[in-house]
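To start, the structure under review is shown below, and the notes come after it.
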Amino acid sequence: MGIPYIPTPGLAGSDLFEARHDFLLVPNPFRPAEQTVIVPALTPDVAVIHAWRADRLGNAAIARRSDGQLLAEAARTVIVTAEEVVDGPLTRADMAPEQAHLASIHVQAVVHAPRGSSPGAMPGLYEQDREEWDAYMQAARAGEFERYLDRYVFGRD
């Protein structure tokens, strides 16, 4: 959004607020008797956003109900991975109602990555692979995530 912080109602007194020392409790400027939490803006170095389809310029059809658009606007570098990469320009008219248009102005690279959401789902194309998701979570909990990546992502047994 281009702002240094944002007020976030509902965090005061929560465990999250107590664990984050960069969250501040301040007087609400519109209701001085109330307190509100402000949290610093996030500016990721890189955001990788998976799309149903993208054109070679970086226009992409992403999930409407996701943080993809906000991530793209906040990150310094945006990489779109896509189930399909098309040659011609991708416009809103090419998208289904559940898809949002991510404009190429935010995107630095496009990568053709079929099944790039796996083991998660890509609605309309494939469902979540529950068995693979469980293996992923088990590896993460057991401290074996690097080994999982070597085997299932990089193909290095």
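Rule-based calculations on the coordinates, nothing more; no lab input. If you're wondering where the values come from, they're calculated on a predicted model, not measured in any experiment. No Cβ is skipped: glycine too gets one built from the backbone with ideal geometry, and neighbour counts run over all protein chains shown.
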*Quick one: grab the alpha carbon gyration tensor of the range 117-157, order the square roots of its eigenvalues as a ≥ b ≥ c, and give me rounded if a/c is under 1.5, else prolate or oblate depending on whether a/b is larger than b/c.*
oblate
*For ARG147 and ARG65, calculate 0.36 nm times their separation in residues minus their Cα-Cα distance, and state this gained length in nm to one decimal.*
26.3 nm
*Which part of the range 68-86 falls in the paramagnetic zone of VAL48, meaning amide N under 13 Å from the point 7 Å along Cα-to-beta-carbon?*
78-82
*Please say if the chain is rounded, prolate or oblate, where rounded means a/c under 1.5 for a ≥ b ≥ c the square roots of the C-alpha gyration tensor eigenvalues, and otherwise the choice is prolate for a/b larger than b/c and oblate otherwise?*
oblate
*asked:* I'd like the orientation of helix 130-141 relative to the chain: the angle between its Cα long axis and the longest Cα principal axis, in ° from 0 to 90, rounded to 10.
replied: 50 degrees
_Cβ-Cβ FRET estimate between ARG20 and ARG115, R0 fixed at 35 Å, reported to 0.05_ = 0.50
_Tensor-based shape of the range 46-118 (alpha-carbon gyration tensor, a/c under 1.5 rounded, otherwise prolate or oblate)_ = rounded
*Would you pull out the residues with amide H under 5 Å of THR77's amide H, same chain only if 5 or more places away, H placed 1.01 Å from N?*
VAL46, ALA47
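Can you give the charge dipole size of the chain about its Cα centre, rounded to the nearest 20 debye, using +1 on the beta carbon of Lys and Arg and -1 on the beta carbon of Asp and Glu?
Working: 14 positive and 22 negative charges, 75 e Å.
Rounded to the nearest 20 debye, it is 360 debye.
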*asked:* Taking every DSSP beta bridge with both residues inside the chain, roughly what % is antiparallel (nearest 5)?
replied: 55 percent
*Gain in length, GLN35 to ARG156, computed as 0.36 nm per residue apart minus the alpha-carbon separation, to one decimal in nm?*
38.3 nm
